[in-house]
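We did not get these values from a lab; they are worked out from the coordinates using the rules stated. These numbers were taken from a predicted model, which means no experiment stands behind them. Glycine gets a Cβ as well: all are built from the backbone with ideal geometry, and neighbour counts include every protein chain shown.
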Amino acid sequence: MRRLLYFAYFINNANFRDILSKINLVNQKEDMSKLKIMLDMIYSSFKFKSSFEDYFEFEFYNKSIEERNTYLTTGKAYEFHNLMNKKEKRYIFKEKNIFMKKFDKFIKRDYLFLKDNFDDFNSWVSDKNQFIAKPNEGAVGRGIEIVDINKFENNREIFKFLKKNSLDLIEELIEQKDELNMINPSSVNTLRIVTVTKDNNTDIVGALLRMSKGNFVDNLARGGVAAPIDIDYGKIMGAAVSKDPFDKEYIEHPLTNTKILGFNIPYWQETKEMILEASQIEKDIRTVGWDVAITENGPELIEGNDNWDKTLWQIPYQKGKINELNKYID
């Protein structure tokens, strides 16, 4: 019954125009008939609890049954997150105003949550030319705006714009460390660090450097790329990849031609220490995907995700990693 429910969910949430496009590409690339691809996609959905998007992003069409079984798919990720994270505490990671208060120790940038008090906003924005505006609830970079003050007649108009678009959180721009700016200056290139806690011991089970390819946000869902980090040494250990399996791998960044492979993450040990400390704050949330910026003064926490993206966690490593989670399951 659960697999049928997953299948219904996958159908309801599928972008069929995109899926048909990918079926055509696989048909050309792998010399598989379109009917065979569709049947295999449906089979994988039931057998491995994989969404239709999973089938293409993890390239199941050219993987064996044994290989497919090593992937944390959408259904399996849902089950793992539910097992690790108490439902009644997830709001801490979904509502930014609560998250930032809870983890304020690790947040250095100036920010303000908008209320109906214009005077507070007017005072906050008085020494700024630009700032970031975000919805209080949101993921994968949706709804984020860079607000240029000079494009508005006055601060009252900016305030109205923010309220109209439910942009409840405003933050000063983060200035990333020069080495990361050299790789890609079009966005803050953040780290995604995935942790799992058991018996008060936290492990880092994945670390990635995310970079945009021209957008001002670096999420894979917005066209960005990600490269795997060696957890012990903080060095990029593989090429950067995008969510599109038909895209190329990137040894160098496509905008700057700066080498990605072998890049050493600044302040890596300090970053790990910060994340391991942050992971101990909310005991009922045992697995988190943390987003971190590296500034000239060290690491800074951006946000935490209680239902972190299983695609971002696996495709840069070019393998399924579900077996790494088995020891945390009681």
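Figures for the structure shown
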| item | result |
| --- | --- |
| Vicinal HN-Hα couplings computed from phi for region 254-262 (Karplus, 6.51 cos²θ - 1.76 cosθ + 1.60; Hz; Gly/Pro x) | x, 8, 10, 6, 6, 5, 8, 4, x |
| Charge dipole (debye, nearest 20) of region 110-171; +1 at Cβ of Lys and Arg, -1 at Cβ of Asp and Glu | 240 debye |
| Computed FRET value (nearest 0.05) for Lys164 with Ile42, which takes r as the C-beta separation and R₀ as 56 Å | 0.85 |
| Rg/Rg_globular for region 110-171, with Rg_globular taken as 2.2 N^0.38 Å and Rg from C-alpha atoms | 1.02 |
| Calculated Rg and Dmax of region 2-69 using C-alpha coordinates, Å | 11.3, 34 |
| GNM result for the chain, Cα springs below 10 Å: residue of Glu137, Glu145, Glu30 fluctuating most strongly | Glu30 |
| Folded to 0 to 90 degrees: helix 16-30 orientation relative to the chain principal axis, Cα | 50 degrees |
| Cross-link pairs Lys87/Lys198; Lys76/Lys327; Lys87/Lys164; Lys235/Lys283; Lys96/Lys272; Lys76/Lys272 - those with Cα-Cα distance over 19 Å | Lys87/Lys164; Lys235/Lys283; Lys96/Lys272; Lys76/Lys272 |
| Descending semi-axes in Å of the chain, equivalent ellipsoid built from Cα gyration tensor | 34, 23, 22 |
| Separation in nanometres of the label points that stand 7 Å from Cα toward Cβ, at Glu296 and Leu20 | 5.3 nm |
| Segment Asn323-Lys86, extension gain: residue separation times 0.36 nm, minus the distance between their alpha carbons | 83.1 nm |
| Residue of Arg210, Arg17, Arg109 that the Gaussian network model of the chain assigns the largest fluctuation, springs spanning Cα pairs under 10 Å | Arg17 |
| Cβ-placed point charges (K, R +1; D, E -1), dipole of the chain about Cα centre in debye, nearest 20 | 1180 debye |
| Förster-model FRET efficiency, 56 Å R0, Glu252 and Asn200, C-beta, rounded to 0.05 | 0.85 |
| Values of log10 I(q)/I(0), in the order q = 0.15, 0.17, 0.24 Å⁻¹, for region 56-162 under a Debye, Cα-only, solvent-free model | -0.82, -0.93, -1.39 |
| Order of Thr295, Thr287 under a 10 Å beta carbon neighbour criterion, fewest first | Thr295, Thr287 |
| Charge dipole magnitude, Cβ of K and R +1, D and E -1 - region 176-328, Cα centre, debye nearest 20 | 520 debye |
| Cα-based equivalent ellipsoid, region 1-135: semi-axes from gyration tensor eigenvalues, Å | 43, 20, 13 |
| Degrees separating the helix 34-48 axis from the principal Cα axis of the chain, which is the longest one | 70 degrees |
| Most fluctuating residue given options Ala207, Ala278, Ala293, as computed from a GNM of the chain linking Cα atoms under 10 Å | Ala278 |
| Overall dimensions of region 176-328 as given by Cα atoms, namely Rg and Dmax in Å | 14.6, 44 |
| Crossing angle, helix 74-84 versus the chain [Cα axis fit, 0-90 degrees, rounded to tens] | 60 degrees |
